[in-house]
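First up is the structure itself, then whatever we jot down about it.
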Amino acid sequence: MMLLRIFLHAISIGLVFASGSCGQQLHGSLSSTSWRSNREPGEQETCSKDTCQKPKRFILYDVNPGEGFNLRRDVYLRAAVFVKALNVNDEKSEWTLVLPPWGPLYHWKRRDLNQEGLPWTLFFDLQSFNEYVPVMEFDDYLSERKEPVIDRMFYLLSFDLSKIDLQSEWLLEETSCSEEAGFPYSLHSNSNNVRGWFWGFNGIHAKKITCHRALGTAGAVLPKLLAQTTPKDHAVMFERLETLLHDHFGGREYWEARRSMQFALPLLQLALDFRREHGLISSEDGDPLSARLTDWRTVKPPPGSAKGGPYVCAHLRRQDYLRARPDACPSMKEAAEQLRKVLQQQKVSTLFIATDGSPDEMKELQTELPKFSVLFYRPPEDVVRKIKDGGSAIVEQAICSRAQYFIGSYESTFSFRIQEEREILGFAPDSTFNRFCKTSTASCEQPTRWKIVY
């Protein structure tokens with residue numbers, strides 16, 4: 001029963017299952033550490049990079065349209081770890097992960113900007129990605145295949161947890177797509193092809209789609225679906241991949257994939273320029289771009305070695321959190337009181353705020369902190385049109401990741417990504433894993449300390 005309660009709790013809060021956590025690994029898990037070849041020791045491989053060229057195949061995926069930028073980054077990690085394991089063990093095919101174009105997203109508020117079908121290179125360095133697992137942009141996939149087609153699609157749905165036995169090994173069940181309310185794909189009557197949105201690209205279609213209820217990790221579920229494909233299915237797509245959990249959350253494999261997610265250099269340069277302009281770089285801060293220009297696989301700073309610039313960064317989430325998490329959102333007066341204590345403890349006079357709060361809220365916050373310099377990242381219009389809302393968010397995260405001290409918002413993936421960046425850079429956990437409480441006088445549970453593993 002204890003295992004059952006832990007599993008239900010992990011699903012209810014959107015967490016993930018680490019391979020082997022709770023003393024048990026999900027049945028049929030496919031991971032780079034637990035998945036083994038059927039060859040006997042010493043037996044010759046039927047195909048290797050030295051002896052032959054394996055046929056290239058593609059894994060595509062997408063996420064529920066309502067999910068935000070930072071949750072989508074997390075789903076990428078699940079896919080990347082899976083594809084890496086797949087390439088280690090598949091002797092017949094070489095798999096490349098095709099990245100789903102970005103946007104439009106709910107939290108990207110600038111409706112006057114074209115924020116649909118954006119490439120990953122706008123936000124990230126794909127050379128670093130490829131040092132972990134083969135990836136490519138969707139545009140490049142279309143160019144390489146020379147036809148706008150996806151051979152096989154699997155649409156993933158959640159189980160009703162009240163109707164299944166979580167102790168059963170059944171993690172996958174095919175179901176009728178017509179039973180899914182608002183199903184976004186349809187069978188074209190003339191061509192018999194599957195049509196849908198496909199990131200706003202015209203003419204894209206799939207040859208076949210089936211729907212499946214799934215429960216478990218990517219490594220436990222996806223091999224069962226891939227077993228239903230043939231070598232002629234060159235491109236296989238998993239829709240709603242966020243349904244599946246991590247195989248190695250918090251472990252070495254997770255952190256290796258996460259470290260490879262380097263931000264695009266132009267965005268890091270914008271963050272550096274902002275910090276220079278406002279005097280947010282100290283002599284102990286080091287060169288903010290040196291680690292980015294070095295192979296991430298060789299950069300392993302000891303915990304506590306990073307000091308950061310002479311400022312505090314706060315991620316203060318508002319808008320949807322005021323409705324969804326009212327018990328975790330402080331008023332501006334209460335937030336200011338908590339920030340005043342932190343600034344005094346850290347002996348700094350500058351505060352950088354990353355927020356989706358209204359101008360009136362931020363003016364109130366500044367009024368409550370008259371003795372401190374309160375800064376926001378508000379790039380010029382020509383810059384916003386180049387980097388979009390997603391790029392502005394990454395610049396904010398880059399600024400926060402280099403602060404002397406960080407305080408975030410409860411269970412926010414935006415805050416979580418900053419905490420990860422600071423772990424990668426080598427900041428002390430006490431300066432990283434902190435969050436706002438509802439009031440300045442009450443204590444509240446602080447973030448889980450997911451520490452980096454090499």
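For the range 185-199, a residue qualifies if it is of a type outside the set (Phe, Trp, Tyr) and either surrounded by 12 or more Cβ atoms within 10 Å (Cβ to Cβ) or in contact with a strand residue (DSSP E or B) (Cβ under 6 Å, 6 or more places away or on another chain) (or both), and the qualifying residues are Ser186, Leu187, His188, Asn193, Val194, Arg195, Gly196. Here Gln404 fulfils each of the conditions (1) surrounded by fewer than 20 Cβ atoms within 10 Å (Cβ to Cβ); (2) more than 22 Å from the chain's Cα centre (by Cα) apart from (1).
Hey, among His278, His234, which residue is in the same structural domain as Ile387 (by TED's automatic domain parsing), modelled with pLDDT of 95 or more and either under 20 Å from Val83 (Cβ atoms) or touching a strand residue (DSSP E or B) at 6+ places or on another chain (Cβ under 9 Å) (or both)? Break it down stepwise before answering.
Working: His234 fails: in the same structural domain as Ile387 (by TED's automatic domain parsing).
Every option except His278 fails the conditions.
The number of residues in the range 430-454 that are touching a helix residue (DSSP H, G or I) at 6+ places or on another chain (Cβ under 8 Å) and not in a loop (DSSP other than H, G, I, E, B) comes to 2. Each residue in the range 333-350 was checked for being over 20 Å from Lys438 (Cα atoms) and either in contact with a Leu (Cβ under 9 Å, 6 or more places away or on another chain) or β-branched (Val, Ile, Thr) (or both), and 3 of them qualify. For the range 282-298, does any single residue satisfy the condition of being of a type in the set (Val, Ile, Thr) and either closer than 24 Å to Asp90 by Cα or surrounded by 17 or more Cβ atoms within 10 Å (Cβ to Cβ) (or both)? No, every residue in the range 282-298 fails to be of a type in the set (Val, Ile, Thr) and either closer than 24 Å to Asp90 by Cα or surrounded by 17 or more Cβ atoms within 10 Å (Cβ to Cβ) (or both). Restrict the check to the range 212-220 and report whether at least one residue is of a type in the set (Lys, Arg) and either exposed (fewer than 14 other Cβ atoms within 10 Å of the Cβ) or assigned to a loop (DSSP other than H, G, I, E, B) (or both). No, the range 212-220 has no match at all. In the range 48-98, of all residues being closer than 17 Å to Ser260 by Cα and not in a helix (DSSP H, G or I), the one that is farthest from the chain's Cα centre (by Cα) corresponds to Thr96. Pairs linking a residue in the range 434-452 that is modelled with pLDDT under 95 and surrounded by fewer than 16 Cβ atoms within 10 Å (Cβ to Cβ) to a residue that is of a type in the set (A, V, I, L, M, F, W, C) and not in a loop (DSSP other than H, G, I, E, B), with Cβ atoms under 8 Å and 6 or more positions apart or on different chains, are Cys444/Ala328. Flag set for Val383, criterion: in contact with a helix residue (DSSP H, G or I) (Cβ under 8 Å, 6 or more places away or on another chain), at pLDDT 95 or above and within 25 Å of Leu122 (Cα to Cα).
The values are calculated or read from the model by the stated rules, or taken from the named source; none is laboratory data. The shown structure was predicted, so the numbers you read here are calculated from the model rather than taken from an experiment. As a convention, Cβ positions derive from the backbone with ideal geometry for all residues, glycine included, and neighbour counts pool all protein chains shown.
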